[in-house]
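Visitor: Quick one: this structure, given as C-alpha cells, is what I'll be asking you about.
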Amino acid sequence: MANPYSPYSGNAPPLAQPAPAQDTTGPIIRRIGLSDLHDALRRGWEDFKEVPSHAIILCVIYPILGLGIARAVMGYSVLPLLFPLAAGFALLGPFAALGLYELSRRRELGEKASAWDALDVFSSPSFGAMLGLGTLLLALFVTWIATAQAIYVAAFGYASAAEIPDFARRVLTTPQGWWLVVVGCGTGFLFALVALCISVVSFPLMLDRHASAGEAMVTSLRVVAANPVAMAAWGLIVAALLVAGSIPLFLGLAVVIPLLGHATWHLYRKVIAPDPNQRPAPPRLPREKRPAADFPANLFPWRRKGGA
C-alpha cells in the first residue's frame, strides 16, 4: 500500500499486514522485517545527500561537544567518564534529531527543504511535548553518567587515572578493569534499551500527528513489543554506526547522526500505519528571512514580536 503522505515516487513500498489484535485507541502498528530497516537507512541516506543538514551538525554541535569533553577531561580529571559521556549522547540522539525529522517530512511532502528549515520544528504545535520527552531523556543521560561514575569508584576507588595509558592499563590488564568493562557495558545496555523503547518513534509521531508525550511513549513501547527482532536489530545498527562514527575523533558522527535521524523518520513511516482520519495540519506561516548578522537571535522567533 503506497504511503499517502509521500508524493515523491517510491517513498513507501508495500509493507507487511498490520499486526492482529491492535489497540484501536492508538496508532496501528505494522510488523516489519530486516529488509525494512535496510530500506529506511537507504532512504535516510538519500535525504542526507539532498539536504545538507550535516553542515549544521559539523559546524555547531560537534565543536561544542568536543570542547566540552576536552574541558571535562583536561580540566576536571574525569578521564574515566570519557567513554560513558560519548556513549551516553546516544540517549539524547532522538531529541537532537528533531530538525532532521522535519527535513525528511518536508522532502516527503515534496516541499522545498534546506538545512535552515530544520529550525521550523520550533514552531510545531507539539514542540512542548517534544521538549518534555527530551527533558526525560536528559535525566536518563545524567543518571547514566552518575551510575557510570559509581561503577568506576566501586572498581578503582576515588583515585583518578593520571594519563590515558595509565587508565588503559587499569581497564585492560586488571581484574577490576575487566569487571568494570562487563558491568559498565551491561548497565549501559539497559539504559540504551530504555531509551530505545520509549523514543524509537516518539518524536516523529509527535511531529507528524501532534501526539502527547505520553501517547508517543506508549506507541513506541507497542512498536517494540510488536517488532522485537527488528527493533533489536535497529538498536544494534544504531550502536554500531555511532561507534564507527566516534572512532575518528567523533568526526564521522557528522555523517552518522544525520543519516540515523533521517532514517528514523522513514522507520516511523514503515512501522506506523497512516491515520485515515487524520485532519490536515494548518499551514505554517512562512519563515521570515533574517540576515546572518541576527544569529543567534533568529533562533528565537517569539522574541521578534516586540521588534527586538
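Visitor: Just checking, which of 244, 239 is modelled with pLDDT of 75 or more, assigned to a helix (DSSP H, G or I) and closer than 30 Å to residue 28 by Cα?
Guide: Residue meeting the stated conditions: 239.
Visitor: Please enumerate the residues belonging to the stretch 123-133 that are outside any helix (DSSP H, G or I) and closer than 22 Å to residue 258 by Cα.
Guide: Kept after step one, since they are outside any helix (DSSP H, G or I), are these residues of the stretch 123-133: 124-126.
Across the stretch 123-133, the qualifying residues are 124, 126.
Visitor: Kindly check whether there is at least one residue in the stretch 253-268 that is more than 16 Å from the chain's Cα centre (by Cα) and at pLDDT 80 or above.
Guide: The answer is no, given that none of the residues of the stretch 253-268 is more than 16 Å from the chain's Cα centre (by Cα) and at pLDDT 80 or above.
Yes/no per residue for (1) assigned to a helix (DSSP H, G or I); (2) open to solvent by less than 60 Å² (accessible area, probe 1.4 Å); (3) farther than 30 Å from residue 167 by Cα; (4) at pLDDT below 90:
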| site | (1), (2), (3), (4) |
| --- | --- |
| 93 | yes, yes, no, yes |
| 118 | yes, yes, yes, yes |
| 121 | yes, yes, yes, yes |
| 135 | yes, no, yes, no |
| 149 | yes, no, no, yes |
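Visitor: Would it be correct to say that residue 155 is surrounded by 18 or more Cβ atoms within 10 Å (Cβ to Cβ), in contact (Cβ under 8 Å) with a residue 12 or more places away in the chain, more than 23 Å from residue 98 (Cβ to Cβ) and more than 20 Å from the chain's Cα centre (by Cα)?
Guide: Against the criterion (surrounded by 18 or more Cβ atoms within 10 Å (Cβ to Cβ), in contact (Cβ under 8 Å) with a residue 12 or more places away in the chain, more than 23 Å from residue 98 (Cβ to Cβ) and more than 20 Å from the chain's Cα centre (by Cα)), residue 155 qualifies.
Visitor: Among the numbered conditions (1) surrounded by fewer than 17 Cβ atoms within 10 Å (Cβ to Cβ); (2) at pLDDT 80 or above; (3) of a type in the set (D, E, K, R), tell me where residue 108 comes up short.
Guide: All conditions are met except number (1).
Visitor: Follow-up question, since we're still on this one. With (1) surrounded by fewer than 16 Cβ atoms within 10 Å (Cβ to Cβ); (2) farther than 19 Å from residue 101 by Cβ as the list, and residue 227 as the residue in question, which single condition is left unmet?
Guide: The one condition residue 227 does not meet is (1).
Visitor: Does residue 233 fit the bill of being open to solvent by 10 Å² or more (accessible area, probe 1.4 Å) and in a helix (DSSP H, G or I)?
Guide: yes
Visitor: In the stretch 290-308, is there at least one residue being surrounded by fewer than 18 Cβ atoms within 10 Å (Cβ to Cβ) and either on the phi > 0 side of the Ramachandran plot or at pLDDT 80 or above (or both)? Walk me through it before giving the result.
Guide: Taking the stretch 290-308 and keeping what is surrounded by fewer than 18 Cβ atoms within 10 Å (Cβ to Cβ), we get 290-297, 299-308.
Checking which are either on the phi > 0 side of the Ramachandran plot or at pLDDT 80 or above (or both) leaves us with 307.
Checked the stretch 290-308: at least one residue is surrounded by fewer than 18 Cβ atoms within 10 Å (Cβ to Cβ) and either on the phi > 0 side of the Ramachandran plot or at pLDDT 80 or above (or both).
Visitor: Only one residue in 183, 194, 201 is touching a residue at least 40 places away in the same chain (Cβ under 8 Å) and open to solvent by 30 Å² or more (accessible area, probe 1.4 Å). Which one?
Guide: Working: 183 fails: touching a residue at least 40 places away in the same chain (Cβ under 8 Å); 201 fails: open to solvent by 30 Å² or more (accessible area, probe 1.4 Å).
Result of the check over 183, 194, 201: 194.
Visitor: Go through (1) in contact (Cβ under 8 Å) with a residue 60 or more places away in the chain; (2) open to solvent by less than 20 Å² (accessible area, probe 1.4 Å) one by one and return the number of the condition residue 177 breaks.
Guide: Failing condition for residue 177: (1).
Visitor: Also: Residues being part of a helix (DSSP H, G or I) and acidic (Asp, Glu): count how many of those fall in the stretch 95-116.
Guide: 2
The values are calculated or read from the model by the stated rules, or taken from the named source; none is laboratory data. Every value quoted in this text rests on a predicted model; they were computed, and no experiment measured them. All Cβ positions, glycine included, derive from the backbone under ideal geometry; neighbour counts span all protein chains shown. Ligands, DNA and RNA are stripped out before the accessible areas are found, and what is left, the full protein with its side chains, is counted by its heavy atoms. Shrake-Rupley method; radii C 1.70, N 1.55, O 1.52, S 1.80 Å.
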